[in-house]
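Engineer: Below is one structure. I have some questions about it.
Nothing in this text is a laboratory measurement; each read-out follows from the coordinates by a stated rule. It should be emphasised that the depicted structure is a prediction, and the values quoted were computed from it without experimental measurement. Cβ: placed from backbone, ideal geometry, glycine included. Neighbour counts: every protein chain shown.
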Amino acid sequence: MLTLRRFFATLGPGVLWLAVFLIVPVAIMFGYSLLTRTDLAQVGGPLTLESWGRVFGYDALFREWVPDNLRVLGRSVLIAGFSTLLCILMGYPLAFYIARQPARRKSFLLLLLIIPFWTNFLIRVYAWILILRPFDLVPSLTATFLGMVYAFLPFFVLPVYSSVEKVDWRLLEAAQDLGASPIKAFMAAVFPQTLPGLIAGILLTFIPALGTFVVSDILGGAKTALIGNLVQNQFGQAGDWPYGSALSFLLMGAVLVGLWLYARSAGQKGLEELI
Amino acid sequence: MFKSFRNAQGAETRVLDDIDLDIRKGEFFSLLGPSGCGKTTLLRILAGFEQPDAGAVLIGGRDMTGVPPNLRPVNTVFQSYALFPHLSVYDNVAFGLRQKGIGGAALRDRVGRAMETVRIGDFGTRKPDNLSGGQRQRVALARAIVNEPEVLLLDEPLSALDLKLRKELQVELSNLQETLGMTFVFVTHDQEEALVMSDRIAVMNRGRVEQLGKAEDLYERPRTAFVANFLGQSNLIPGKVQEVSPGGAVVLTEHGLLRTVYGADLSVGREVMLSIRPEKLRMERDDETEGNEVRARVDDIVYTGAENQYLLEANGQRLVAFQLNSDIGADEDFDYEEEVALYLPPASLVILEEG
């Protein structure tokens with residue numbers, strides 16, 4: 001009894017936090033995924049695996065297999081991945097540019113990066129419609145990518161910037177001194193120092209991009225529906241909460257597999273950096 | 001042979017002014033000076049990290065001005081060591097050779113030998129974070145010498161270490177330099193370090209070389225007041241040349257006439273500054289009137305272990321005298337307020353160039 005009390009006293013706050021904000025909601029969602037839709041946005045018995053079957057493309061009787069959801073998931077991974085790549089190409093040099101400015105200019109540029117957060121995300125994405133309409137780009141895949149990069153670039157730049165700030169530039173000189181050309185010296189001496197920031201930036205970009213529905217819904221149209229749109233649709237218009245819950249687990253699973261692959265390739269140290 | 005100007009925030013400051021140095025192949029050469037004297041800038045120009053505004057850098061007779069650092073036959077041991085934290089000790093040492101495309105057995109062989117030379121043979125798999133300051137220093141050294149550069153530049157490499165380790169490494173470094181026969185250019189603000197290790201020293205002040213020479217020459221015959229006080233301590237006595245002969249000069253000072261073996265080429269009536277090292281002053285109880293003697297009173301005594309340092313007052317001037325703390329002289333220690341006679345040997349009275 002005493003040990004149990006001590007257990008809760010020491011682990012208490014952390015466990016409580018995890019329980020309230022993670023374990024219980026996930027458990028509730030899992031419970032919903034096993035129920036049946038009785039009416040619009042209504043659930044009830046009996047317990048069934050039907051929603052899970054539909055997620056993986058089977059009909060109610062598990063006879064036909066139409067893996068549309070998996071295709072949407074694949075497309076989501078590709079679009080989120082390519083958006084992340086665009087963020088890397090634009091954000092990595094940008095982080096260096098900002099970090100290398102004099103102190104006052106640096107804070108100003110960081111402020112510019114953060115200012116968009118002062119306006120509602122939905123409104124900003126709608127604003128892109130106005131910007132892109134004259135070019136006849138809405139809805140299109142191009143507009144989706146534009147919106148994605150616009151939405152997630154700051155999340156990529158900030159962690160990269162904070163690791164560039166900490167870069168020991170003397171190592172660059174050391175590498176050059178030892179015969180490395182400027183590019184090789186950068187790759188050998190500076191790039192490894194920015195790796196933790198780069199990984200954090202990629203995760204902070206890729207994971208929300210994978211789950212987003214606002215950008216693709218507003219700028220992409222029906223052809224670029226992502227897994228996020230499917231989930232949102234079940235909880236919205238379709239009112240099929242069990243199916244939406246099960247779909248959410250598909251998305252969650254995809255993220256976890258990605259993290260697991262990363263942790264495995266980067267080893268223990270990678271896991272710590274990730275956390 | 002080269003000069004340099006540099007501007008910080010728009011304002012132009014002359015960091016190096018009319019520097020003309022000829023460093024000999026295979027010597028241990030030190031750049032000695034206080035912080036801000038330009039010694040590190042000079043080293044960075046040699047390494048290629050900075051460019052001179054005017055003048056040239058020649059290494060082994062080849063003009064290296066404008067050649068980037070990676071193409072110079074020069075390697076640096078940085079003050080901060082600048083080891084690659086994500087690489088093992090072995091990979092740190094192998095870095096330079098790999099850039100040159102050396103691999104396989106030749107790489108292993110040369111890296112192994114360099115690591116043995118600085119006695120870090122067993123640390124190959126460790127990361128720099130898991131090494132002590134002295135060990136990191138050795139890795140930085142091995143990483144540089146493994147490339148067999150024509151010139152090895154060392155930027156205050158011992159300044160981060162504690163005194164005992166520093167003394168050990170001073171000896172090791174100068175032995176290493178002799179064994180390798182490599183040209184070492186060593187930057188330091190520590191005069192003792194420079195004296196212990198160098199073949200020749202350039203004393204720098206405000207972007208200029210004040211004096212260049214062997215350790216003994218600089219110490220025994222400083223040419224300027226700056227050198228006299230930066231390398232050790234000195235008593236400076238102003239005066240006017242009274243008499244000149246082939247054997248030296250006689251200078252009229254506040255302490256009367258002082259004879260020196262130097263200054264045979266000076267003109268009578270010229271204002272000069274005499275300099276004498278504290279340990280060259282001889283303190284005596286009785287006046288033997290052999291000349292070059294000054295009456296003084298003991299103001300303060302500083303006990304430093306190996307010697308007693310006496311602060312003396314003589315004719316309104318402050319003088320410092322060091323007396324060795326030997327057993328024989330134990331009963332000869334002087335007391336506060338004691339009146340003494342100071343003997344200034346003519347061979348130790350140096351005439352400085354500037355008044």
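Engineer: Expressed as a whole number of Å, what is the distance separating the alpha-carbon centroids of segment B:254-285 and segment B:288-316?
Structural biologist: Spelled out, the Cα-based centre of one part sits 16 Å from the other.
Engineer: Using a 10 Å cut-off around each Cβ of peptide B:98-107, what is the average number of partner chain Cβ atoms that fall inside?
Structural biologist: Details: counts 5, 9, 2, 1, 0, 0, 0, 0, 0, 0.
Across B:98-107, the average partner-chain Cβ count within 10 Å equals 2.
Engineer: Looking at the protein assembly as shown, what % of its DSSP beta bridges pair antiparallel, to the nearest 5?
Structural biologist: DSSP beta bridges in the protein assembly as shown are roughly 75 percent antiparallel.
Engineer: For segment B:48-141, what mean projected area does the convex hull of the alpha carbons give, in nm²?
Structural biologist: Average projection, Cα convex hull of segment B:48-141: 7.3 nm².
Engineer: Working only with C-alpha atoms, what are the Rg and Dmax values of segment B:151-192, expressed in angstrom?
Structural biologist: 10.3, 27
Engineer: Cα centroid distance between segment A:121-175 and segment B:201-234, in Å?
Structural biologist: 59 Å
Engineer: Continuing with the same structure: Calculate the length of the line joining the C-alpha centroid of segment A:5-71 to that of segment A:197-225, in whole Å.
Structural biologist: 23 Å
Engineer: Find, to one decimal place in angstroms, the Kirkwood hydrodynamic radius of segment B:91-196, where the mean of 1/r is taken over every pair of different Cα atoms and then inverted.
Structural biologist: Numbers: mean 1/r = 0.0693 Å⁻¹.
Kirkwood radius, segment B:91-196: 14.4 Å.
Engineer: Give the average over all directions of the projected area of the C-alpha convex hull of segment B:135-266, one decimal, in nm².
Structural biologist: For the Cα atoms of segment B:135-266, the hull's average projected area reads 10.8 nm².
Engineer: Shifting gears a bit: Can you give me the pair-distance distribution of chain A, C-alpha pairs, 10 Å bins, whole percents?
Structural biologist: 6, 21, 27, 24, 15, 6, 1, 0
Engineer: Fewest Cβ neighbours within 10 Å first, please rank B:Ser80, A:Ser76 accordingly.
Structural biologist: B:Ser80, A:Ser76
Engineer: Next up: Show which lysines lie in cross-link reach of B:Lys39 when reach means a straight Cα distance below 23 angstrom and same-chain residues fewer than eight apart are skipped.
Structural biologist: B:Lys3, B:Lys25, B:Lys167, B:Lys214
Engineer: On a 0 to 90 degree scale, rounded to 10, what angle separates helix A:2-18 from the longest Cα axis of chain A?
Structural biologist: 80 degrees
Engineer: Could you work out the per residue convex hull volume over the alpha carbons of chain B, in cubic angstrom?
Structural biologist: Output value, Cα hull per residue: 187 Å³.
Engineer: Can I get the semi-axes of segment A:159-275's equivalent ellipsoid? Compute them from the C-alpha gyration tensor as square roots of 5 times the eigenvalues, in angstrom, largest first.
Structural biologist: 41, 16, 10
Engineer: Please arrange A:Tyr32, B:Tyr303 by how many other C-beta atoms lie within 10 Å of their C-beta, fewest to most.
Structural biologist: By the 10 Å Cβ count, ascending, the order reads B:Tyr303, A:Tyr32.
Engineer: I've got another one for you. Using only Cα atoms, tell me the angle between helix A:191-211 and the longest principal axis of chain A; keep it within 0 to 90° and round to the nearest 10.
Structural biologist: 30 degrees
Engineer: Hey, another quick one. Where does segment A:28-161 land on Rg(C-alpha)/(2.2 N^0.38 Å)?
Structural biologist: Ratio of Cα Rg to 2.2 N^0.38 Å: 1.52.
Engineer: Once you have the Kirkwood Rh of segment B:233-352 from its Cα pairs, apply Stokes-Einstein at 20 °C and 1.002 mPa s and quote D in µm²/s.
Structural biologist: So the translational diffusion coefficient is about 145 µm²/s.
Engineer: Can you name the helices of chain B, as whole DSSP H runs, whose Cα span along the helix axis is 15 Å or more and whose Kyte-Doolittle mean is not below -0.5?
Structural biologist: Flagged H segments are B:89-99, B:104-117, B:133-145, B:163-180.
Engineer: In peptide A:183-192, what is the residue-averaged number of other protein chain Cβ atoms found within 10 Å of each Cβ?
Structural biologist: For this peptide, the per-residue mean of nearby foreign Cβ atoms is 2.
Engineer: Only bridges with both residues in segment B:2-224 count here: give the DSSP antiparallel percent, nearest 5.
Structural biologist: 45 percent
Engineer: If you take the charge dipole of the protein assembly as shown about its Cα centre, with +1 on Lys and Arg Cβ and -1 on Asp and Glu Cβ, which of A:Ser76, B:Phe49, B:Gly38 is farthest toward its positive end?
Structural biologist: A:Ser76
Engineer: Sticking with this one: What's the Cα-based Rg to Rh of the protein assembly as shown, Rh via Kirkwood? Spell out each step's value before the answer.
Structural biologist: Details: Rg = 37.7 Å, Rh = 31.6 Å.
Using Cα coordinates only, the ratio equals 1.19.
Engineer: Take B:Leu141, A:Leu78, A:Leu34 and order them by how many other Cβ atoms sit within 10 Å, fewest up front.
Structural biologist: Values: B:Leu141 25, A:Leu78 10, A:Leu34 18.
By the 10 Å Cβ count, ascending, the order reads A:Leu78, A:Leu34, B:Leu141.
Engineer: Further question on the same structure: Output the Kirkwood hydrodynamic radius of segment A:88-146, Cα pairs only, in Å rounded to one decimal.
Structural biologist: Working: mean 1/r = 0.0734 Å⁻¹.
After inverting the pairwise mean of 1/r, the radius is 13.6 Å.
Engineer: Assuming 0.36 nm per residue, please report the length gained on full extension of the stretch B:Asp22 to B:Val67 beyond their Cα-Cα distance.
Structural biologist: Gain on extension, B:Asp22 to B:Val67, equals 14.3 nm.
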